[in-house]
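Asker: Quick one: the structure is below, and I'll ask about it shortly.
The values are calculated or read from the model by the stated rules, or taken from the named source; none is laboratory data. None of these values were measured; they are calculated from a predicted model. Don't worry about glycine lacking a Cβ; one is built from the backbone with ideal geometry, like all the others, and counts go over all protein chains shown. Each accessible area value is taken on the protein alone, full model and side chains, heavy atoms only, with ligands, DNA and RNA left out. Shrake-Rupley method; radii C 1.70, N 1.55, O 1.52, S 1.80 Å.
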Amino acid sequence: MKRCAAFLLLLAGCAFGQESPVPKIEYSSVPDFLKLPADISFGEVAGVAVNSHKHIFVFSRGNTTGPAYGAAAAQLLEFLPNGTYVREIGHNLYGWSYAHAVKIDKDDNIWVADKGSDVVVKFDRQGRVAMVFGRKQEASDEETGPLKHPHPPLPTIDGMFRQVTDIAWDSAGNTYISDGYINARVAKFDKDGNWVKSWGEPGDQPGQFVQPHSIAVDAADHVYVADRGNRRIQVFDGDGKFIRQITIDVPVDPNARPAIGSKPKLPITGNQTISPGAPWAICITPNQVLYAADGYPGRIYKMTLEGKILGVLGESGKQLKQFGWIHEIACPSENELYVAELLNWRVQKLILIPGH
């Protein structure tokens, strides 16, 4: 709250999550929803998306090859609305390295962001590569290896990414890419794939980021960026002008368990990735409801686009209706969510009960 008030001295338009009381949302999880073939298993499920025909696309760190450290880990699978397996898309694709997010555009093209290869790939509905953004490091380069995090950071390069995270589009077909763990910016391309601009840099001021991890666009073409490390969602217009920020401030049960590791000592200073309310994943429904998920205490928050908390659900754990680091949310409707979990290696289909 204090951070948000400070920003008001700089720029108008700051939004808050309300303190309390916050309604708990009743919901169910469909058991054994996705049916995998006997010879395919999920790894850490980094991404999930749903197209206009209700087909589900899962971007998993499965099909892993190579050494334990630095293995290639990315596999894109498609399922029917009832969970029946359809196909693998892009088997052994050159851009596969470390799965991060999958999205479906209004024309049912399939887009993925691969954090390991630093590329975003657009597939058409048939599953053929239609467009590539960024470039994978060359295997023949003697400097090829894990990217460094120097301070000050290296200058950004137009059209190139460093540990890219997610993709979204506006009504004109412009593409917004959150880039990402190192570059700390949003990149914008036009509908034909031409570079337009970027905005952002490391920091905690308006328009600065620490791990822009997820991105969404509303019906008014406002761009929502899950600034995870700063524990906030920043909202911009399509040219990168700061509009407001949303912070999620919902009291935490003192007995809440982490999904893994020791319970964090709150409040956290510096990088706030594991702080309550830090947005790992965001999603906007067709009727313009905003959902966000955090890593600890492992909850999903239902909000208005202005940031008013409408309800909360979930907790950390390994059972149905519990979550192990939700990494992406697909929200084809207000009361139907699909959540991709890293630690539990699965996708859950959640059915929310209206009015509860």
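Asker: So, with a 1.4 angstrom probe, what is the percent of accessible area on the stretch 237-356 that is carbon and sulfur?
Answerer: On the stretch 237-356, the fraction of accessible area on carbon and sulfur atoms equals 56 percent.
Asker: OK, next. Using Cα-Cα distances under 8 Å and only pairs 6 or more residues apart, what relative contact order does the stretch 80-179 have, in percent?
Answerer: 23 percent
Asker: Please tell me which of these pairs span more than 18 angstrom C-alpha to C-alpha: K103/K148; K35/K115; K115/K349; K318/K349?
Answerer: K103/K148; K35/K115; K115/K349
Asker: Can you give the local net charge around A73? Use residues other than it whose beta-carbon is closer than 11 angstrom to its beta-carbon, Lys and Arg +1, Asp and Glu -1.
Answerer: Its environment carries a net charge of 0.
Asker: While we're here: If the reach is capped at under 12 angstrom between alpha carbons, list the aspartates and glutamates near K308, excluding any in the same chain fewer than eight residues apart.
Answerer: In chain and number order, the partners are E19, D249.
Asker: Further question: Most fluctuating residue of G145, G116, G47 in a GNM of the chain with Cα springs under 10 Å: which is it?
Answerer: The residue with the greatest mean-square fluctuation here is G145.
Asker: Between the DSSP loop rule and a limit of at most 14 other Cβ atoms within 10 Å, which trypsin sites (Lys or Arg not before Pro) in the stretch 70-120 are left?
Answerer: K106
Asker: Below 17 Å, Cα to Cα, which aspartates and glutamates can K263 reach? Residues fewer than 8 away in the same chain don't count.
Answerer: D253, D294, E315
Asker: Going by a ≥ b ≥ c, the root eigenvalues of the Cα gyration tensor, does the stretch 59-100 fall in the rounded group (a/c under 1.5), the prolate group (a/b larger than b/c) or the oblate group?
Answerer: Note, shape of the stretch 59-100 comes out prolate.
Asker: Per residue, how much accessible area does the stretch 78-165 have with a 1.4 Å probe, in Å²?
Answerer: 55 Å²
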